[in-house]
Amino acid sequence: MTDLTGRVISVHSGSNSDLSKDEHPSIRVELDGIVGDRHRSYTRKTWSGDKQPEGTVRRNERQWSAVSVEELADLQKELDLANPVSAASLGANLCISGIGQLSRLPKGSCLTFPSGCTLAVEEYNPPCKDMGEIMANLHTTRSGKALAATSFSKAAKLTRGIVGVVEAAGVINAGDEVVVTIYETPAWLVRSPG
């Protein structure tokens, strides 16, 4: 397994109606998610596009979300925005620097923090229509043109961050180092030809 080291720039939690999160100096992470966050739960109801019919109660694979400073800068550039995109406005719990392609981390990768808190990656966080409308209301381009509601979804493909579950509880502070262990398929699981 390969390890990368990054830095936590900011941490967020909350349940604001506009899907944004409030910034805090630290967040407490329990096995069912982040204390005080809208996504804290072992279960969630499905929505359109999930494997199960909409409204089915299923395991919550979205207990936390993270974005990278580098991908936020790429998104701002791609959309030609006058102002930066913030992790808080995107509804992310963590903003990390030093992991440039955070959104491409494979399922099973782990983020470990000094407190012992460990977060496991479930999947990349696809951009959604609701967030596209919110971004269109918050941002304009450098030329002053309004941002179309569909612009965010197109530009944020594979740069929207990641979501996952909690493997070990603890506290995550702004400024903490984070060690990212990239999941690799173990050799014993790879079938040899023949």
Sorting TRP188, TRP47, TRP64 on the 10 Å Cβ count, fewest up front, what's the list? TRP188, TRP47, TRP64
SER143, SER151, SER103 arranged by Cβ crowding within 10 Å, fewest neighbours leading: SER143, SER151, SER103
For LYS21, list the lysines whose Cα falls under 24 Å from its own Cα; do not include residues on the same chain fewer than 8 positions away. LYS45, LYS77, LYS129, LYS154, LYS157
Pairwise over distinct Cα atoms, reciprocal of the mean inverse distance: report the Kirkwood radius of the range 1-111 in Å, one decimal place. 15.4
Given a cut-off of under 8 Å on Cα pairs at least six residues apart, what relative contact order in percent is computed for the range 52-179? 34
Per the chain, sqrt(5λ) over the Cα gyration tensor eigenvalues, sorted largest first, in Å, gives 27, 19, 19
Each residue of the range 146-158 in order: what ³J(HN,Hα) in whole Hz does its phi give by Karplus 6.51 cos²θ - 1.76 cosθ + 1.60, θ = phi - 60°, with x for Gly and Pro? 5, 8, 5, 4, 8, 4, 4, 4, 5, 6, 8, 4, 6
Placing one identical point scatterer on every Cα of the range 121-194 and ignoring solvent, what is log10 I(q)/I(0) from the Debye formula at q = 0.15 Å⁻¹? -0.79
So what are the three principal axis dimensions of the range 64-149 from its Cα atoms, in whole Å, longest to shortest? 45, 24, 20
In debye to the nearest 20, the charge dipole size for the chain, taken about the Cα centre with +1 at each Lys and Arg Cβ and -1 at each Asp and Glu Cβ, equals 500
Let's test the formula: R0 of 35 Å, r as the Cβ-Cβ distance of THR2 and THR140. What FRET efficiency results, to the nearest 0.05? 0.30
Tell me, LEU105, LEU79 in order of fewest to most beta-carbon neighbours within 10 Å? LEU79, LEU105
May I ask which residue of ALA88, ALA156, ILE34 lies farthest towards the positive end of the charge dipole of the chain, with charges of +1 (Lys, Arg) and -1 (Asp, Glu) on Cβ and the Cα centre as origin? ALA156
Net charge of neighbours whose Cβ lies under 12 Å from the Cβ of VAL121, counting Lys and Arg as +1 and Asp and Glu as -1: -1
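A short reminder: the numbers here are calculations on the coordinates, not readings from a lab. All of these numbers come straight from a predicted model, not from anything done at the bench. Neighbour counts are summed over all protein chains in view; Cβ atoms, including those assigned to glycine, are modelled from backbone coordinates with ideal geometry.
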